[in-house]
Amino acid sequence: MDVCTTIPDLRRVVRGVRAGGHKVGFVPTMGYLHAGHMRLVEEAQARAEAVVVSIFVNPTQFGDPKDLETYPRNTERDLQMLRDAGVNAVLMPQVADIYPDGAETVVETEQLANMLHGAVRPGHYRGVCTVVAKLFNIVQPDFACFGEKDYQQLQIIRTMVRDLHFPLEILPVPTVREADGLAMSSRNARLTPEDRAAAVVLSRALDAAEDVDGTVEEISEVIRSVIATEPRAALRGLDITEARSLAPVSGQPRTTLAVMISAEFGGILLIDQREITPKGAPA
Ligand code: PAF
């Protein structure tokens, strides 16, 4: 596995792969890898001869400097996992490589980035889009894999790729869960045992939402009442939208919905989501 700490190194490796006539799949990450990331890697490996993974904790997508500082990191373990999985190359750039002195260009999907979860975390999706655009230009993959867990991020990246004519495909990958249903996330490692146990309420709320045969307002009410049963959970956002467009919906749903929840447990913000197709609606 090539571990590239500079952009020219990575470009050289990718040129070699391309010269062999091979496809390149890409999995961008912020490290502290878990089974959810490894599922993205597997999906990429199923579709390409060569897979590149980036590990870069992107400062511009963190609002709170303390959140950036305490973001979990374990590069040695990450590299071993990627080696064991047979990944071809890893890009681990420095912040100054990605954001050189004087860098002032940002990429933003104006509407999608500032609604829903983006309204709670101003600037977050601008930071995500900007770094992902840079990484796409550096790696120049044939496709890139993104988890469905951050559903808004997935739709934003799809929109950016369409709007800016990036010549690559975005491959959505379903959320990987712990045995009790908690969506895998690098942030889970920062939860106290009590908050870790409490956080399962997110997937329980989504299970309950799936059982509702009613209006959007009724779905919302059921989710809120399940979350309210867990005193350690502070609900920060609950959005129910049309799945692809993230457009607002109300009343009796006729199309597939995206249900997105964010909640804090002991100051750690977790998100979860599910697509729900109402009975009788076309999927
Ligand atoms: O989903 C993530 O881990 C990050 O937002 C990403 C896409 C790697 C950009 O920093």
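Rounded, prolate or oblate: which fits the range 58-199, taking a ≥ b ≥ c as square roots of the Cα gyration tensor eigenvalues, rounded meaning a/c under 1.5, else prolate when a/b beats b/c? Since a/c stays below 1.5, the shape of the range 58-199 is classed as rounded. So, in Å, what gap is there between the alpha-carbon centers of the range 241-283 and the range 47-66? Going from one Cα centre to the other spans 25 Å.
Loop sites only, by DSSP: take the GluC sites (Glu not before Pro) in the chain that have at most 10 other C-beta atoms within 10 Å and name the longest stretch containing none of them. Numbers along the way, then the final one.
Details: sites that count: E104, E110.
That gives 111-283 as the longest site-free run.
The base-10 log of I(q)/I(0) for the range 44-127, evaluated at q = 0.18 Å⁻¹, reads -0.99 [Debye formula, identical scatterers on Cα atoms, solvent excluded]. The spacing between the range 109-135 and the range 1-46, judged by their C-alpha centroids, is 24 Å. Here the label points at R18 and D207, each 7 Å from Cα along the C-beta direction, are separated by 4.8 nm in the simple model. Translational diffusion of the chain, estimated by Stokes-Einstein from the Kirkwood radius over alpha carbon pairs at 37 °C in a medium of 0.692 mPa s, is 166 µm² per second.
Backbone phi angles across the range 13-29, fed through the Karplus curve with coefficients 6.51, -1.76 and 1.60 (θ = phi - 60°), yield HN-Hα couplings of 4, 5, 4, x, 4, 5, 4, x, x, 9, 7, 10, x, 10, 10, x, 9 Hz in residue order; Gly and Pro are listed as x. Working value for the range 177-272: equivalent-ellipsoid semi-axes of 25, 13, 11 Å, each the square root of 5 times a Cα gyration tensor eigenvalue, largest first.
Please tell me the relative contact order of the chain in percent, rounded to the nearest whole number, where contacts are Cα pairs under 8 Å and at least six residues apart. Across the chain, relative contact order equals 17 percent. Relative to the longest principal axis of the Cα atoms of the chain, the long axis of helix 35-47 makes an angle of roughly 60 degrees.
With a ≥ b ≥ c the root eigenvalues of the C-alpha gyration tensor of the range 38-92, is it rounded (a/c under 1.5), prolate (a/b larger than b/c) or oblate? Intermediate results must be reported in sequence, preceding the final value.
Details: a/c = 2.91, a/b = 2.08, b/c = 1.40.
Since a/c reaches 1.5 and a/b is larger than b/c, the shape of the range 38-92 is classed as prolate.
What residues from the range 125-140 fall in the zone where the backbone N is under 20 Å from a label point 7 Å along the Cα-to-C-beta line of D2? Inside the label zone: 134-140.
Just need the relative contact order of the range 197-283 here, percent rounded to a whole number, with Cα pairs under 8 Å and 6+ apart. Each step should come with its number before you reach the end.
Details: 153 pairs, mean separation 23.7, N = 87.
Averaging sequence separation for qualifying contacts and normalising by length gives 27 percent for the range 197-283.
When the charge dipole of the range 34-120 is built from unit charges on Cβ atoms (+1 for Lys and Arg, -1 for Asp and Glu) and taken about the Cα centre, the candidate among T75, T60, H117 whose Cα reaches farthest toward its positive end is T75. Short to long, the 5 Å bins of the Cα pair-distance histogram for the range 115-219 hold 2, 10, 16, 17, 18, 16, 11, 7, 2, 0 percent of all pairs.
Coordinate-derived values only; no laboratory data. It should be emphasised that the depicted structure is a prediction, and the values quoted were computed from it without experimental measurement. Every residue, glycine among them, receives a Cβ derived from its backbone with ideal geometry; neighbour counts consider all protein chains shown.
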